[in-house]
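Since the structure comes first, as structure tokens, the remarks are kept for the end.
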Amino acid sequence: MAIQPIRLFGDPVLRTRAAEVTDFDVELRKLVADLNDTLVDEGGAGLAAPQLGVGLRVFVYHCDGFAGHLVNPTFDFVGEEYQEGPEGCLSIPGFRWNCRRHLHVVANGWTMHGEPVQVEGSELLARCIQHETDHLDGVLFLDRLDPELRKQAMAEIRSASWFQPAESTNQPVIKTSPHPLFGKLR
């Protein structure tokens with residue numbers, strides 16, 4: 001069990017749909033423990049495996065007095081009511097914007113031991129479940145903002161000290177000189 005670095009906005013793993021978990025083994029239990037340790041260290045409400053660079057459908061939550069994890073989660077909306085409130089993300093540190101979510105959901109999934117589980121609770125937990133399940137589908141809460149607010153949010157993110165445009169995160173290209181003496185010992 002260890003605290004892991006969190007992938008930040010711009011990392012392609014955050015925009016990739018995570019794969020279904022098929023092996024409920026010791027590696028899955030280690031992943032859940034790492035997610036929990038990292039979440040507690042960061043003080044967030046939820047953390048999905050892609051945020052640690054792992055493309056599996058797993059997330060943990062510590063939200064409004066509820067704590068746990070879900071493997072291969074799905075959820076159903078309960079009613080037609082919505083909530084709008086501030087939402088943030090550990091992969092977009094230091095920012096919060098109002099985001100619209102369903103008010104109530106019931107989530108179904110599996111524990112790390114392969115046992116079925118159902119989760120429902122507060123409005124805050126409903127927001128967390130929707131947010132973390134979005135991560136598993138390669139969706140960020142920014143995608144749920146109204147267009148004008150999203151434009152503003154993107155401008156603010158681009159000015160953040162941690163933000164690196166996608167082209168700057170690539171590995172450096174090592175070029176060799178076409179000239180016979182450059183890059184060679186004499």
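The values are calculated or read from the model by the stated rules, or taken from the named source; none is laboratory data. Nothing here was measured: the structure is a model prediction, and the numbers come from that model. Backbone-built Cβ (ideal geometry, glycine too); neighbour counts: all protein chains shown.
Being among the acidic types (Asp, Glu) and in a strand (DSSP E or B) is not true of residue 41. Cβ contacts < 7 Å: first residue over 12 Å from residue 140 (Cβ atoms), restricted to segment 8-20; second residue among the aliphatic types (A, V, I, L, M) and modelled with pLDDT of 95 or more, any location; separation 6+ or different chain. Result? Here the result reads 18/49; 18/56; 18/136; 19/56, each pair linking segment 8-20 to a residue that is among the aliphatic types (A, V, I, L, M) and modelled with pLDDT of 95 or more.
In the set 40, 32, 78, which member is at pLDDT below 95 and either over 15 Å from residue 140 (Cα atoms) or exposed (fewer than 14 other Cβ atoms within 10 Å of the Cβ) (or both)?
78
In the condition set (1) touching a helix residue (DSSP H, G or I) at 6+ places or on another chain (Cβ under 8 Å); (2) in contact (Cβ under 8 Å) with a residue 24 or more places away in the chain, residue 134 is compliant with all but (2). Which of the residues spanning segment 45-62 are surrounded by 22 or more Cβ atoms within 10 Å (Cβ to Cβ), over 10 Å from the mean Cα position of the chain (by Cα) and not aliphatic (A, V, I, L, M)? Correct list: 57, 61.
Residues that are in contact with a strand residue (DSSP E or B) (Cβ under 9 Å, 6 or more places away or on another chain), hydrophobic (A, V, I, L, M, F, W, C) and closer than 25 Å to residue 26 by Cβ, at least 1 per element: which strands (runs of 3 or more DSSP E) completely within segment 46-153 meet that? So that I can check it myself, show each step before the final result.
Details: elements: 46-48, 58-63, 66-77, 82-89, 92-102, 105-110, 116-119.
In segment 46-153, 46-48, 58-63, 66-77, 105-110, 116-119 are the strands (runs of 3 or more DSSP E) which contain 1 or more residues that are in contact with a strand residue (DSSP E or B) (Cβ under 9 Å, 6 or more places away or on another chain), hydrophobic (A, V, I, L, M, F, W, C) and closer than 25 Å to residue 26 by Cβ.
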